[in-house]
1. Just to be sure I understand the model, the point goes 7 Å from the Cα along the line to the Cβ. What's the resulting residue 31 to residue 65 distance in nm?
2. Say we join alpha carbon atoms closer than 10 Å with springs in a Gaussian network model of the chain; which of 79, 23, 54 then has the biggest fluctuation?
3. On average, how much accessible surface per residue is there in the chain, in Å², for a 1.4 Å probe, leaving out ligands, DNA and RNA?
4. How high is the FRET efficiency between residue 21 and residue 90 when r is their beta carbon distance and R₀ equals 35 Å, given to the nearest 0.05?
5. Tell me, what is the FRET efficiency for residue 48 and residue 4 to the nearest 0.05, using R0 = 41 angstrom and their Cβ-Cβ distance as r?
6. Mind checking which of 42, 32, 55 has the largest fluctuation in a GNM of the chain, springs on alpha carbons under 10 Å?
7. Given a 1.4 angstrom probe, I'd like the percentage of the accessible area of the range 40-94 that is carbon and sulfur, rounded to a whole number.
8. Please state the relative contact order of the chain as a whole percent: Cα pairs under 8 Å, 6+ residues apart?
Amino acid sequence: MTYQYSQRVPESDEDPVGNILKVAGSPSVISFAGGLPAPELFPIAALKKVTNEVFDQSGRQALQYSAAIGHPGLRQQIVKRMGREGVDTQIENV
């Protein structure tokens, strides 16, 4: 299969982002370039708990695509969260 790209696409096998992530993934490197958080800080237990709750309550809906604007329930939760943070917004702005 042959791909025809725009003339603006450089003809190169270089992957600058991939190169950064290769180095950033090393345990001996603290990288501020790749945007990779420290894996030991991931809240695995909390995420597992809430993920199981979502799947138990509405798994089929959670895995389904939503409108491009986003799932209304999630957007409403964001509005609530922003309100707790002192930001007054409406679902139409999320």
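1. 3.2 nm
2. Highest fluctuation among the options: 79.
3. Each residue of the chain exposes 95 Å² on average to a 1.4 Å probe.
4. The formula returns an efficiency of 0.40 here.
5. Rounded to the nearest 0.05, the efficiency is 0.35.
6. 32
7. On the way: 2870 of 5030 Å².
Taking all protein chains in place, the range 40-94 shows 57 percent carbon and sulfur surface.
8. It comes to 12 percent, rounded to a whole number.
The values are calculated or read from the model by the stated rules, or taken from the named source; none is laboratory data. Since the model is a prediction, treat every value here as computed from it, not as a measurement. Counting neighbours? That spans all protein chains shown, and the Cβs are built from the backbone with ideal geometry, glycine included. For accessibility, only protein heavy atoms count, side chains too; no ligands or nucleic acids. Shrake-Rupley method; radii C 1.70, N 1.55, O 1.52, S 1.80 Å.
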